[in-house]
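Each remark here refers to the structure printed beneath this line.
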Amino acid sequence: MSNTIHTWSPPAGIAMNPTFTVQIKPSNGSEWTDIFVYNVILGHQDGTKFDSSMVIFDFAGTIDIKVTYHGGTMNCYDIRPSSYDIDAAQMGNTLTFSTTQDEDSPRKIVIRINDSWNTEDLHILTNPLETDVPSESAPNVHLIHPGDAIPLQLPEGKDTYYFKPGLHTLPKGSWVEVDLGGVYAIDRIDLGQTVLKIQGLGMDPISYPNKYLVETKVEANDPYTLVYDGTGNTLEGYITNSFSPREARYVRLMLLGSNVDSGWVFSNSIGEFNVYEAGGTTNLSLNRAIAGAMPSYVHAVDGNEHTRYGTSSNYGNWHSGESFFISQHHTTVYMAPGAVCYGSISSDEVDHVTIRGRGILDGSQLQHINPTPGEGRTGAIWLSGGSDNRVEGITIIDPTMWAVVMNFATRPVVQNIHIIAYEVNADGIHFSGSNDGLITGVFIRTPDDDIVMYHYGPTSNNTVKNSVLWGDDAHTILIGLGSVPDAHISDLTFQNIDVLNQQGVYILDKFTGVLKLWANGGNDIRNILFKDIRIDAFRDPYKAAVFQFRTDERFPGDQDGGIIQNITLDKVTYQGSGEQRALLKGVNQDSYVKDIYFKNYQRQDMLVTDISSGHMDVQEHVSNVRFGADEDELRISIR
């Protein structure tokens, strides 16, 4: 394979970090190329924040990288993952080294200078060369230059949003559109507001006043104009709004969140939307819905005010206020190299949605103030429900909540993306209630959980592999938690993963662990494989643990868990020492841990052969724990 590099420049005004200078070249080349060093923000759950450095580019073959540090004298350095075995040459404050791209497991490198874990860190995040790039002139492509209006729905014959290099601000709001069938003078609307309930969080049903806009137009190709501003609405339940008569054939309701200062501030839930002719009583919108960004949007105008909207069949739509909604099946959002899109992208029960490219999705313009609870903020990409949806190749910075959520999905795929976050609750990737999914080639650094699959619904046959994870707080891989009945989790594979750091949070001996299985709500976790997991030495070992498999309550008063059974750790290695004891903990004869297999598990380059050498705490209701160098040698340690 030839040694090939693809680089690009960010738009003017994007913050750079002066701590490092980075240059690259093909290993058989002679000319160095300067790479833009982005400023990114890291953080911890205690609210501390740090400026740090990132470069992103594509390459194939083998390249040379030259990094010069400008923050003072370089006394020492550390290059992670250690499994890359990178041998750098140091000359003063400059490091030079080579690396070879792996198409299956793209190179994600972090250089730490002078034992820094934050500000003097350089994240070198690469991908293979991009293929199958949409043609700007293809008839199915809707080209968007910086400053162009971004349609909520693609024009007929188009299936691809193509964001050109430059700055873009995504639209906000969920919506429903009706065609009245003719031009009428209208002067009144009804909005049936309903109760919001979000499955999985254990929240009580909540009634909020909705923020909304009503817009109209006469011709299909006209732009919408505002006819009523309901963003100041403080009423709950069924409301009526009157306005000066306006001629219209098309009417659009925009939902922009809830009119509250705390709670689920970006959520909406409606049951019915009626439109009336001036001076009349006939509902012109009845059964007239033609488009919408909510599941089964036709029911929003079906005459049944008890139909609940803004929530899918499985999930409360938390982010309808700040998200750009994809409403059409088979839609692609392409972010070109050098494109920066501010905002958030969501869909509800839409199939074949693809978000890809080499651009950046930036959440810095979303609300960062914690609205209590923190889950009320907006994530970066939420493709809830649906099948065969993909997120590929892009970089996500500053998500204010869970970054990529593909819950209740069939065959979701997340490939070769990068996530860097600093807010509490800014988890990496969620696959809760999803099946037959794949996460591969990703880099995640967050101050919360990196990979999550909660007990929100039956979850099975998901694979996470070929990735590099860094948890500044909380868990690296968290499986379990949640009280939804019959939300069992099974048949998961985690393979070829490097963990650069992890540390616990809140209650340090409870909310910690690189590999965390936590059965709750009477649910089971079964048939889990951790294979080729390489864990570098922890920053603060006393805050971290290699694994915890437990079935106890999360907080006092919570329901205890179910069963954890048939868990294999194959070639899991930990390079450090002084960490918390790994934990195996059951609760009673109905909520236990059983059939745990350690094959070629190494700690400090020594084969773990028993509980003692594994630095483990094994409590009651744990049975059939085995250790060995290969499958035939596995022997029972605890019966």
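Being exposed (fewer than 15 other Cβ atoms within 10 Å of the Cβ) and either β-branched (Val, Ile, Thr) or assigned to a strand (DSSP E or B) (or both) is the filter here; which residues of the stretch 7-20 pass it?
Hit for the stretch 7-20 is Met16, nothing else.
Determine, yes or no, whether Arg80 is of a type outside the set (Gly, Ala, Ser) and in contact with a helix residue (DSSP H, G or I) (Cβ under 9 Å, 6 or more places away or on another chain).
Taking the combined requirement at face value, the residue does not satisfy it.
Tell me, which residue of the stretch 258-307 that is touching a strand residue (DSSP E or B) at 6+ places or on another chain (Cβ under 9 Å) and acidic (Asp, Glu) is nearest to Thr378 (Cα to Cα)?
Glu272
Would you check if there is a residue in the stretch 169-187 being in contact with a strand residue (DSSP E or B) (Cβ under 6 Å, 6 or more places away or on another chain), within 30 Å of Ile35 (Cα to Cα) and either of a type outside the set (Asp, Glu) or in a strand (DSSP E or B) (or both)?
Yes.
So, His168, is that one crowded, with 18+ Cβ neighbours inside 10 Å, in the same structural domain as Ala60 (by TED's automatic domain parsing) and closer than 27 Å to Ile444 by Cβ or not?
Answer is no for this residue.
Quick check on Ile420: is it in contact with a His (Cβ under 8 Å, 6 or more places away or on another chain) and either buried (at least 24 other Cβ atoms within 10 Å of the Cβ) or small (Gly, Ala, Ser) (or both)?
yes
Can you report the number of residues in the stretch 23-53 which are more than 18 Å from Asn118 (Cα to Cα) and either of a type in the set (Lys, Arg) or in contact (Cβ under 8 Å) with a residue 12 or more places away in the chain (or both)?
12
Can you list the strands (runs of 3 or more DSSP E) lying wholly within the stretch 21-92 that have 1 or more residues being under 16 Å from Lys108 (Cβ atoms)?
Details: elements: 33-35, 38-43, 49-60, 62-69, 77-80, 89-91.
The strands (runs of 3 or more DSSP E) meeting that bar are 33-35, 38-43, 49-60, 62-69, 77-80.
From (1) crowded, with 19+ Cβ neighbours inside 10 Å; (2) among the small types (Gly, Ala, Ser); (3) over 14 Å from the mean Cα position of the chain (by Cα), pick out the condition that doesn't hold for Ser344.
Just one mismatch for Ser344, condition (3).
When the stretch 570-593 is examined, which residues are found to be surrounded by fewer than 19 Cβ atoms within 10 Å (Cβ to Cβ), part of a strand (DSSP E or B) and of a type outside the set (S, T, N, Q)?
Asp570, Lys571
Residue under question is Asp486, and the condition is that it be at pLDDT below 95 and either surrounded by 24 or more Cβ atoms within 10 Å (Cβ to Cβ) or not aromatic (Phe, Trp, Tyr) (or both); does it hold?
So Asp486 fits the description; yes.
Considering only the stretch 218-227, I want to know if a residue exists there that is surrounded by 17 or more Cβ atoms within 10 Å (Cβ to Cβ) and either closer than 28 Å to Trp402 by Cβ or at pLDDT below 95 (or both).
no
Determine whether Thr68 is β-branched (Val, Ile, Thr) and surrounded by 14 or more Cβ atoms within 10 Å (Cβ to Cβ).
So Thr68 fits the description; yes.
The values are calculated or read from the model by the stated rules, or taken from the named source; none is laboratory data. Everything numeric in this text was worked out from a predicted model, so none of it was measured. As a convention, Cβ positions derive from the backbone with ideal geometry for all residues, glycine included, and neighbour counts pool all protein chains shown.
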